[in-house]
Amino acid sequence: MTDSGKPDAAKRDFVKTAAPAIDGTVAVLDVLSASPWPLQLSEICEKTGIAQATAHRIIQAMLSHRLIALAPGRRKTYIPGSRLFQLASAVFARQPFVPHFYPIAEILKNEIHRSIFLSLPIGNQVVILARLDAPASTAFNAYVGRTMPMHLSASGKAILAARPLEDQLTYLRDEGLAAPGMAADLPALAQDLQRSARLGYAVSLNEIQLDVGCVAAPVVNGRGEPVAAISACFTGEALSLQSARVYSKNVVQAARQLSSHIL
């Protein structure tokens, strides 16, 4: 439980599959990466709901694979391991457009005075890969590594709208959005994607938190396939479809500039 009396997010979102050892490993990584300090075994068990004997076995295996490590100077407490940083660095290094993002984002930030993000599609999610904050920008919950469903984020909708219709339908089926219980939401989502494809940018409201809106445009490779998205986020003000037009021109131009660096 948290101080507010609510269950920990990791425990609440704990996913059970046919591979419980992997489920437990992911849960341990989740709580350690979210914790500002090292955690003891008992704390990990409390936050994940994993039995202590099971957690002990999982932790010993994770130590062997360097997925976690013992915290220096603290007895029997654990932190994320060196292999996580190694894996993350390897994935990050394979994104050739990241070095080109920052100078383009710097110009866009100075034009519209908003924080700028680069997001990458991973499966049916988008993950924030890089960000550049505007001076005195309001803090909000958008960090490098955060993932969101594609249809719930401006970046994801910009990428999805730039894909062929068949790929969009596959996404809707995979996410269960084409199920009978979700059918009522489909017309609005389809209209939103059609509008985004026509205009070349997507808009979403309250995707990160309340009173936060984003405008995003797809970054495409030489074959015209969307491989990323640039977005600008607006806080402390109401962003509407009409006001988004004011900023969309700059965001689309930045996305095109970044696209020119991708084969």
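Couple of notes before you dig in:
Conditions (1) part of a helix (DSSP H, G or I); (2) β-branched (Val, Ile, Thr); (3) modelled with pLDDT under 95, marked per residue:
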| residue | (1), (2), (3) |
| --- | --- |
| Pro36 | no, no, yes |
| Glu43 | yes, no, no |
| Ala55 | yes, no, no |
| Ile58 | yes, yes, no |
| Arg66 | no, no, no |
| Gly73 | no, no, yes |
| Leu84 | yes, no, yes |
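- Within segment 119-177, being among the basic types (Lys, Arg), more than 24 Å from Pro103 (Cα to Cα) and out of contact with any Ser or Thr (no Cβ under 6 Å at 6 or more places or on another chain) holds for Arg163, Arg173.
- Residue in segment 71-80 that is closer than 29 Å to Val215 by Cβ and among the polar types (S, T, N, Q) present: no
- Subset of segment 141-170 [surrounded by 19 or more Cβ atoms within 10 Å (Cβ to Cβ) and part of a helix (DSSP H, G or I)]: Met150, His151, Ala154, Ser155, Gly156, Lys157, Ala158, Ile159, Leu160, Ala161, Gln168
- For segment 204-223, taking the residues that are more than 16 Å from the chain's Cα centre (by Cα) and over 16 Å from Met150 (Cα atoms), the one that is modelled with the lowest pLDDT is identified as Leu210.
- Tallying residues that are over 21 Å from the mean Cα position of the chain (by Cα) and either modelled with pLDDT under 90 or assigned to a helix (DSSP H, G or I) (or both) within segment 18-34 yields 4.
- Within the span defined as segment 101-112, one or more residues are at pLDDT 90 or above and over 18 Å from Cys233 (Cβ atoms).
- Of the criteria (1) in contact with a Leu (Cβ under 8 Å, 6 or more places away or on another chain); (2) of a type in the set (Ser, Thr, Tyr); (3) modelled with pLDDT under 90, which one Ser248 fails: (3)
The values are calculated or read from the model by the stated rules, or taken from the named source; none is laboratory data. What you are looking at is a predicted structure, and each value in this text was computed from that prediction instead of being measured. In this analysis, Cβ positions are derived from the backbone assuming ideal geometry, glycine residues included, and neighbour counts consider all displayed protein chains.
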